[in-house]
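Every read-out reported here was derived from the displayed coordinates using simple, explicitly stated rules and does not represent laboratory data. This is a predicted model, so every value here is computed, not measured. Neighbour counts run over all protein chains shown; Cβ positions are idealised from the backbone, glycine included.
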Amino acid sequence: MNNKVKKIINKKNKSKIICLTAYSKKVASILDRHCDLVLVGDSLGSVLYNYKSTKDVTLDIMINHSKSVRLGVQNSLMVVDMPYNTYKTPKEALKNVKLVIKKTKCDAVKLEGGRNIIPIVKTLVKNKIPVMGHVGILPQTDKKFTFKGKRMSEGEKILEETKLLENAGVFCIVLECIETKLSKRITDQIKVPTIGIGSSSNCDGQVLVIDDLIGMTDNNFKFIKRYANVSKIIERAVKKYKSEVKKKLFPKAKHSFKN
Ligand code: KIV
């Protein structure tokens, strides 16, 4: 097993696993100094391209952003989201995942789903490909984005699916918007780490979309905490630039060339 994957698994019950998304090199290189895992999430569809759904994200888009991220990630485990409709069957998944790994040199891939993707996970794992699971809200296929585990039956189904995923060989599982007591039950009952987003501090690790965390989106989902307002910083800098250009304060002689 890949050493970086082992390191993630070994953190369970020892120290929290720090994960964030990245879509490009510079941001990825900053995250690489602080994160255990950097995810090229298909959330880039809404964050960067204004797509209504992650369904519109293509393999080419994921590959291009992942190549950029790879330039910034040396230490963390780099995981790439397989986009919608690229892993409908084990054969299709294997072909597309191999392409993603070949082109991006990522360490692992993430797939959304439960029971329906078990044969796919098994095929990938058999081919020595590290797979991260993703249950709870499934942005690629869910119609409503409400938290999961409100009803007992739904909670039992999700718990069961995490066990199936674990047995199929995933090395960790994202729990997206899962009710607090259910995320504890899942985290306690499976051996691989759980990575929460909107699923309470019961999880073994946490993930957020970096653009949400630094104030580069207008998203205000309950689970987001904004740690900085980078939009404001950019706005201030652009205003200053505009004013200096107008007043001929920029560029100065030191920014210009002279024979
Ligand atoms: O696409 C994404 O960014 C994700 C994480 C938020 C878990 O799947």
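Counting beta carbons within 10 Å around each of Phe250, Phe147 and listing the fewest first gives the order Phe250, Phe147. Amide hydrogen proximity for Gly198: with H placed 1.01 Å from N in the peptide plane, the residues at 5 or more positions away or on another chain lying under 5 Å are Cys177.
For trypsin sites (Lys or Arg not before Pro), the sites in segment 175-252 that DSSP calls loop and that have at most 12 other Cβ atoms within 10 Å are Lys191, Lys222, Lys225, Lys247, Lys248, Lys252.
Estimated from helical segments only, the mean residue ellipticity of the chain at 222 nm is -12500 deg cm²/dmol, where each DSSP H run of four or more residues counts as -39500 (n - 2.57). Among beta bridges from DSSP that stay inside the chain, the antiparallel ones total about 5%.
Label-to-label distance for Met1 and Ser201 is 2.8 nm, based on points extended 7 Å past Cα in the beta-carbon direction.
When you filter the GluC sites (Glu not before Pro) in segment 143-180 for DSSP loop state and at most 12 other Cβ atoms inside 10 Å of their Cβ, nothing is left. Between segment 194-219 and segment 66-143, the alpha-carbon centres lie 19 Å apart.
The trypsin sites (Lys or Arg not before Pro) of segment 57-160 meeting both criteria, a DSSP state outside H, G, I, E and B (loop) and at most 14 other C-beta atoms within 10 angstrom of the site's C-beta, are Lys88, Lys105, Lys128, Lys143, Lys144, Lys150, Arg151. For segment 88-104, the Karplus equation 6.51 cos²θ - 1.76 cosθ + 1.60, evaluated at θ = phi - 60°, returns couplings of 6, 10, x, 5, 5, 4, 4, 4, 6, 5, 4, 5, 4, 5, 4, 7, 10 Hz by residue, with Gly and Pro reported as x. For the chain, the Cβ-based charge dipole about the Cα centre amounts to some 1120 debye (Lys, Arg positive; Asp, Glu negative; other atoms uncharged).
Close amide H pairs (under 5 Å, H built 1.01 Å from N) link Gly136 with Glu176, residues at least 5 positions away or on another chain. Computed over the chain, relative contact order equals 16 percent, with contacts defined as Cα pairs under 8 Å that lie 6+ residues apart.
Relative to the longest principal axis of the Cα atoms of the chain, helix 180-189 runs at roughly 60 degrees. Neighbour counting of Cβ atoms within 10 Å sorts the residues Tyr241, Tyr84, Tyr23, fewest neighbours leading, into Tyr241, Tyr84, Tyr23.
Relative to the 2.2 N^0.38 Å rule of thumb, segment 3-229 has a C-alpha radius of gyration ratio of 0.92.
The phi torsions of segment 63-72, fed into the Karplus equation with coefficients 6.51, -1.76 and 1.60 and a -60° offset, translate into couplings of 5, 5, 5, 5, 4, 5, 4, 4, 5, x Hz, rounded to whole numbers, with Gly and Pro shown as x. In sequence order, segment 45-51 has phi-based couplings of x, 7, 5, 9, 10, 6, 5 Hz under the Karplus curve 6.51 cos²θ - 1.76 cosθ + 1.60, θ = phi - 60°, and Gly or Pro positions carry x. Of the beta bridges in segment 104-228, as assigned by DSSP with both residues counted there, near 5 percent are antiparallel.
Ranked for footprinting exposure by Cβ neighbours inside 10 Å, fewest first, Cys177, Cys19 give Cys177, Cys19.
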